[in-house]
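A.B. asks: Input: one structure, supplied below.
The values are calculated or read from the model by the stated rules, or taken from the named source; none is laboratory data. Worth saying up front: this structure is predicted, and the values here are computed from it rather than measured. Methodologically, a virtual Cβ is constructed for each residue, glycine included, from the backbone with ideal geometry; neighbour enumeration extends over all protein chains shown.
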Amino acid sequence: MTDHGPVKTHTHKEIMVILGGLMTGLLLAALDQTIVSTALKSIVEDFDGLNHYTWVVTAYLLASTASTPLYGKISDIYGRRPVFQFAIVTFLLGSFLAGASQNMSQLIATRALQGLGAGGLMALTFVIIGDIVPPRERGRYQGYFGAVWGLSSVAGPLLGGFFSDHATILGVTGWRWIFYINLPFGITALLVTSAVLHIPKVKREHKIDYLGAILMVTAVCSTLLAVSIYGPQNGWSDSRTIIYLTGGIILSLLFLKWETKAVEPILPLSLFKNHTFSLTSILGFIIGAGMFGAILMLPLYLQVVKGNTATEAGLKLIPLMLGIVPTSIISGKQISKHGHYKRFPIAGAAIMTVGIALMSTLDRDTPFWQLSIYAIMVGAGLGLSMQTIVIALQNSVDFKDMGVATSSNTFFRSLGSVFGTAVFGTILTNRLGHYLTTNFQALAQSNPSAVEGFDRAALDGIQNNTAALAALPPVIQSTALDAFVSSFHIVFLAAAPVTAIGFIFALFLREVPLRTNKDYASAREDAAGEALG
């Protein structure tokens with residue numbers, strides 16, 4: 001390889017300052033995936049919009065997931081800083097307008113705008129670190145991003161519960177602060193990146209694949225509408241579910257066909273010839289599904305079965321964070337020290353699988369210390385896996401493909417989280433209906449007097465609104481809670497094989513020596529040379 005001479009590298013102090021701005025942006029995007037869940041009850045009561053409440057979450061996930069790969073490609077063309085700052089401004093505008101919403105329609109639209117910004121925050125954070133830090137040194141910094149995910153998994157439900165538990169704060173309706181709290185942090189991230197994020201822009205002749213972008217976004221949205229909205233709500237045989245799912249598949253096939261012809265494809269299919277890219281995409285999808293399965297089901301278990309408030313449930317997720325944060329940081333530093341990364345996603349997937357499987361033993365009397373051990377195991381598995389696969393991916397692709405490859409990995413993880421949420425939510429609802437019916441049939445046979453005068457139609461009410469449990473007679477309440485426990489068991493038993501598949505795929509990762517400063521400088525200058533040539 002030709003010696004290109006020295007290139008400017010960032011000092012540790014400069015990287016840590018940049019890292020602060022990036023972590024703030026990532027924290028905002030990660031928080032807003034979870035913070036709304038505990039505040040939804042207050043929001044729908046204000047807007048009388050119970051029939052549309054799922055769209056508040058889904059609009060955000062749809063926009064962020066569909067836009068993620070676009071940011072990588074666009075930043076490859078126009079530069080990281082302006083595109084990252086566009087994402088911050090879009091997110092802040094969406095946050096302000098969401099907080100000022102006067103009805104459900106406005107809130108759903110502004111949540112989609114928030115999601116559009118969040119897609120860039122989540123994707124470009126990892127791309128920018130990939131630009132300024134060589135793979136061999138990247139672990140010591142990237143581990144901190146795993147800590148951000150861990151913090152958001154706890155802080156989101158906790159803050160959402162805190163704000164929604166207050167009628168007003170400083171004269172403003174409590175739940176609106178879940179959006180307004182983003183403003184000072186977002187402005188800080190904007191100022192920090194403006195001051196210190198100076199990455200030399202590689203000038204390239206470019207042509208944006210507009211048709212590919214439209215096909216990809218519509219394919220993703222159509223598929224996600226089917227699996228996250230219409231399927232769970234109306235049934236998988238419902239005409240709208242079938243139409244959207246079929247449309248999503250057809251649009252996906254058209255997208256793949258077009259990408260083989262595009263001059264500069266949004267998602268170069270040649271990347272899938274890269275063994276590591278293909279494997280880490282699969283692992284990202286599985287980790288996303290497993291992560292959201294645990295993060296969403298545990299608070300529900302704590303609130304319904306254990307009777308905890310939203311704030312208490314958020315506090316009791318701290319063990320999950322205690323698992324994610326130290327393992328993310330320690331594994332990152334070990335990778336930088338020794339240069340080996342394959343062992344971490346293997347161990348992470350194994351530990352996460354065992355932790356999720358053990359959660360299938362949770363019942364009404366399980367002590368908190370026992371739940372904490374299981375949650376720490378799941379968190380540790382996530383911490384060992386999540387950032388490690390990004391390091392492996394970035395080390396295996398050409399520098400010119402860094403943006404699109406990294407954002408694609410984030411895209412597959414987001415896709416996994418949406419599919420995981422939809423599938424596990426559907427399993428919970430389906431099994432709950434089954435166990436409520438069978439449990440009450442058994443109760444009617446063993447203790448007929450207990451169900452005298454009880455309206456069986458109330459079973460549907462329990463499924464739609466768990467608050468109805470508190471008003472039930474003790475025997476009936478106990479029977480209903482047993483149905484919830486059995487349903488949670490099935491969800492966790494279904495999730496464990498998914499993460500076990502991740503363990504099998506992790507075994508096939510190829511450990512390529514991590515590039516050092518000298519190798520990285522050469523690769524970077526080669527990419528610049530190709531672009532200018």
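A.B. asks: Could you tell me whether any residue of region 463-479 is surrounded by fewer than 17 Cβ atoms within 10 Å (Cβ to Cβ), part of a loop (DSSP other than H, G, I, E, B) and either touching a Leu at 6+ places or on another chain (Cβ under 8 Å) or at pLDDT 90 or above (or both)?
C.D. replies: Within region 463-479, not a single residue is surrounded by fewer than 17 Cβ atoms within 10 Å (Cβ to Cβ), part of a loop (DSSP other than H, G, I, E, B) and either touching a Leu at 6+ places or on another chain (Cβ under 8 Å) or at pLDDT 90 or above (or both).
A.B. asks: Condition (residue is at pLDDT 65 or above, outside any helix (DSSP H, G or I) and in the same structural domain as R364 (by TED's automatic domain parsing)) applied to region 491-509: is it met by at least one residue?
C.D. replies: Yes: one or more hits.
Yes/no matrix, rows are residues, columns are (1) modelled with pLDDT of 80 or more; (2) in a loop (DSSP other than H, G, I, E, B); (3) within 30 Å of P134 (Cβ to Cβ):
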| residue | (1), (2), (3) |
| --- | --- |
| G314 | no, no, no |
| I335 | yes, no, yes |
| H340 | yes, yes, yes |
| F344 | yes, no, yes |
| T366 | yes, yes, no |
| L382 | yes, no, yes |
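To keep it simple, each residue is scored yes or no on (1) crowded, with 23+ Cβ neighbours inside 10 Å; (2) more than 11 Å from L26 (Cβ to Cβ); (3) modelled with pLDDT under 75.
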{"residue": "T90", "(1), (2), (3)": "no, yes, no"}
{"residue": "S95", "(1), (2), (3)": "yes, yes, no"}
{"residue": "N103", "(1), (2), (3)": "no, yes, no"}
{"residue": "Q106", "(1), (2), (3)": "no, yes, no"}
{"residue": "F126", "(1), (2), (3)": "yes, no, no"}
{"residue": "R136", "(1), (2), (3)": "no, yes, yes"}
{"residue": "G143", "(1), (2), (3)": "yes, yes, yes"}
{"residue": "G156", "(1), (2), (3)": "yes, yes, no"}
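A.B. asks: Then there's this: Quick check on region 364-374. Is at least one of its residues without any contact (Cβ under 8 Å) to a residue 24 or more places away in the chain, in the same structural domain as S281 (by TED's automatic domain parsing) and in contact with a Gly (Cβ under 6 Å, 6 or more places away or on another chain)?
C.D. replies: yes
A.B. asks: While we're on this one: Evaluate region 128-150: report whether one residue or more is in the same structural domain as S385 (by TED's automatic domain parsing), of a type in the set (K, R), within 19 Å of Q33 (Cα to Cα) and not in a loop (DSSP other than H, G, I, E, B).
C.D. replies: The answer is no; no qualifying residue exists.
A.B. asks: Which ranges mark the helices (runs of 4 or more DSSP H) fully within region 227-309 that have 1 or more residues being in contact (Cβ under 8 Å) with a residue 40 or more places away in the chain, surrounded by 15 or more Cβ atoms within 10 Å (Cβ to Cβ) and not assigned by TED's automatic domain parsing to the domain that holds T426?
C.D. replies: Because the criterion is at least 1 residues that are in contact (Cβ under 8 Å) with a residue 40 or more places away in the chain, surrounded by 15 or more Cβ atoms within 10 Å (Cβ to Cβ) and not assigned by TED's automatic domain parsing to the domain that holds T426, the helices (runs of 4 or more DSSP H) in region 227-309 that meet it are 231-234, 239-259.
A.B. asks: Of the conditions (1) in a helix (DSSP H, G or I); (2) closer than 28 Å to L300 by Cα; (3) modelled with pLDDT under 80, F454 clears all except one; give me its number.
C.D. replies: (1) is the only condition that F454 fails.
A.B. asks: Given the structure, is T438 hydroxyl-bearing (S, T, Y), in a helix (DSSP H, G or I) and at pLDDT below 75?
C.D. replies: No, not satisfied.
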